[in-house]
Amino acid sequence: MNFFNTNISEEAVAGVERVLRSGMLSEGRLVAQFEQKLRDELGIRGPVALNSGTSALHLALVVAGVGDGDEVIIPAQTFIATGMAVLMQGAKPVFADIQPITGNIDPDSIRAKLTERTRAIIPVHWAGYPCDMDEIAAVAAEADAAVIEDAAHALGASYRGRPVGALSRFTAFSFQAIKHLTTGDGGALACLEAQDEHAARTQRWFAIDRANSHESLLGEREYDAVSIGFKYHMNDVAAAIGVGNLPAVPRILARHQAIADRYAKELAQTPGLELTDRRSDRVSANWFFPVLVERREDFIHQLRARECVASVVHRRIDTNSVFGGKAAGLPGQDAFDERQCALPIHMGLTDDDVGRTIAAINEGW
Ligand SMILES: Cc1ncc(COP(=O)(O)O)c(C=O)c1O
């Protein structure tokens with residue numbers, strides 16, 4: 001049993017072959033088509049397709065005007081990409097505490113960390129379970145800080161009836177290999193405001209406005225880059241994988257939900273295991289199933305002995321030297337870090353796999 005798997009449809013395979021045979025591999029028609037589908041089929045607002053989720057986070061910070069010496073509030077409970085993107089902009093990651101029952105950033109702790117230098121807040125939807133976005137939006141408004149959601153785990157999640165990707169000024173998605181929707185590697189930055197979308201679209205490719213720059217007689221586009229730009233665009237090979245895989249997303253999300261519901265039901269009474277919060281006002285993308293367990297190493301040993309798997313997925317990132325070492329004063333993070341673990345949810349799991357995992361846990365550890 002694997003903890004993650006990769007979803008590739010036959011249409012994705014055929015689509016990649018068509019692109020390869022066309023000789024047009026870079027950003028083109030399929031990237032535009034992929035963006036259109038993200039918008040029309042998943043309700044994502046102003047999506048700009050990129051080469052990774054990390055690029056999406058970084059580009060959001062660029063477009064938001066975050067720079068040298070600014071502070072960006074993030075949780076430590078995330079993948080290191082969230083913090084790296086902040087450092088790439090010369091800004092300082094400030095670690096806010098999390099809610100130990102969800103792993104998500106605590107809006108009250110964000111408020112306590114605000115300073116005059118705060119320019120952005122990056123909530124991370126841990127395992128795909130949406131953060132308290134209304135409370136976070138209110139704190140951000142007080143500080144005039146941009147909200148950049150890190151939705152690397154949360155494609156298909158929703159909050160109070162609205163999809164993640166239509167809530168905040170920016171939302172960063174990842175389409176890396178093991179995500180619900182993969183393009184091999186890839187990402188998208190969703191932008192609520194048209195001018196942010198335009199800036200992201202331009203800056204993803206060297207700040208050259210492709211739509212409004214035409215080739216001259218001399219054989220190169222005529223352009224004037226007015227800001228810094230990056231090589232962050234998605235290419236048509238990746239977009240063909242995305243376009244081919246996209247129709248399966250509703251089925252994938254439904255299967256993830258069904259597995260999560262079964263874990264929640266059949267592990268509700270398990271001694272030594274606590275379920276994380278699942279409120280009725282939001283729908284998780286259930287990328288994996290987070291639980292809080294006593295004696296975590298024994299728990300993992302027990303599952304491995306039964307040929308099942310569990311993983312912490314990511315440990316807190318503040319402990320890395322690049323961020324200055326373990327941050328003090330984060331009791332929620334400390335508590336979560338001690339007990340958090342996760343069970344697999346993916347399309348490669350059979351009902352029998354899920355049943356064996358539950359049975360192994362309910363034997364005790
Ligand atoms: C929370 C989080 N943020 C950002 C990223 C970065 O995404 P990518 O690998 O597409 O750059 C990841 C990757 O899994 C992630 O888990």
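The chain: longest stretch without exposed GluC sites (Glu not before Pro) (DSSP loop, at most 15 other Cβ within 10 Å), sites themselves excluded?
Answer - 1-115.
Choose one answer from 147, 312, 62: the residue with the largest mean-square fluctuation in a GNM of the chain with alpha-carbon springs under 10 Å.
312
Looking at this model, which pairs from 113/265; 265/326; 179/265 are more than 29 angstrom apart at the alpha-carbon? Present the calculation step by step, with values, prior to reporting the outcome.
Working: 113/265 37 Å; 265/326 36 Å; 179/265 25 Å.
As for pairs spanning more than 29 Å Cα to Cα, those are 113/265; 265/326.
Over the chain, what is the percentage of antiparallel beta bridges among all DSSP beta bridges, to the nearest 5?
Numbers: 25 of 39 bridges.
Just about 65 percent of them are antiparallel.
As a check on your grasp of the helix formula, calculate [θ] at 222 nm for the chain: sum -39500 (n - 2.57) over DSSP H runs of n ≥ 4, divide by the residue count, round to the nearest 500.
Numbers: 12 runs with 134 residues, N = 365.
Calculated at 222 nm, the ellipticity per residue is -11000 deg cm²/dmol.
Could you pull out the longest piece of the chain with no exposed loop trypsin sites (Lys or Arg not before Pro) in it, calling a site exposed if DSSP puts it outside H, G, I, E, B and it has at most 16 other Cβ atoms within 10 Å? Display every interim value, and only then the final one.
Working: sites that count: 117, 160, 278, 279, 295, 306, 315, 326.
The reported range is 161-277.
Would you look at the GNM of the chain, springs on alpha carbons closer than 10 Å, and say which of 216, 55, 26 moves the most?
So, out of 216, 55, 26, the one fluctuating most is 216.
Report the far tail of the P(r) of the chain, meaning the percent of Cα-Cα pairs longer than 38 Å.
Numbers: 12030 of 66430 pairs.
Distances greater than 38 Å cover 18 percent of the Cα pairs.
Bear in mind these aren't lab numbers, they're just calculated from the coordinates by the rules spelled out. Because the structure is a prediction, the values reported are computed rather than measured. Don't worry about glycine lacking a Cβ; one is built from the backbone with ideal geometry, like all the others, and counts go over all protein chains shown.
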